Amino acid sequence: MLYTKRIAYREYHHQDILRFFPDIKARSLIHWAEIGIIIPLHEPENKGGKRVYNYANLIEIAVIRELSGHGIDLREIKRVVFAPELQGAIKTGGGDDLLYYIQTGPDGETRERFEYVKEFDPDLFGWASTVLVNIGYLKKFVDKALGEYVE
């Protein structure tokens, strides 16, 4: 499946985001924007104003949702969301084979990285714990939620 170029230029509002991601609480989305984990396309001009999001924000929200579901700290999530590897994949429409993972060894050693993989490496699970985020899968999830994908 490939996302259609026209969705990259659409604008989405708060209610749209909550419809695409029904498990995200409205207050969480607002909090993420307030602390800068997400930078909406447009910020509200006044107290009653609405934030406007774009396609890139939807991918970022999917990544935030995935990592926070694994108990990753919001400061760490912010660093991941703004990592050049993820932002590059979002801007170019690539990233179908991009994985991000954090691993912790039995001795407490931690390693993390983005990696493009064509085949899954079973050594990823040789550590005490592994959090694996498939960016390509999250992009397909967003495209499907938008209802604008082609097979």
Too long for a 21 Å Cα-Cα cut-off, among LYS91/LYS139; LYS47/LYS139; LYS25/LYS50, are LYS47/LYS139
Proxy exposure order for ASP23, ASP96, ASP143 (fewest C-beta within 10 Å first) is ASP23, ASP96, ASP143
Footprinting proxy, LEU146, LEU86: sorted fewest to most Cβ within 10 Å, the residues are LEU146, LEU86
Residue by residue through the stretch 17-23, the couplings from Karplus 6.51 cos²θ - 1.76 cosθ + 1.60 with θ = phi - 60°, in Hz, x for Gly and Pro, are 4, 5, 6, 5, 10, x, 8
Treating only Lys and Arg (+1) and Asp and Glu (-1) as charged, each at its beta carbon, one finds that the stretch 19-101 has a dipole about its Cα centre, in Debye to the nearest 20, of 400 debye
A correct fewest-to-most ranking of ILE24, ILE135 by other Cβ atoms within 10 Å would be ILE24, ILE135
With ILE102 itself left out, Lys, Arg at +1 and Asp, Glu at -1 over residues whose Cβ is under 13 Å from its Cβ give -3
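Just so you know, all these numbers are worked out from the coordinates, no wet-lab data involved. Here the structure is a predicted model, which means the values were calculated and not measured. Note that we place each Cβ from the backbone using ideal geometry, even for glycine, and neighbour counts take in every protein chain shown.
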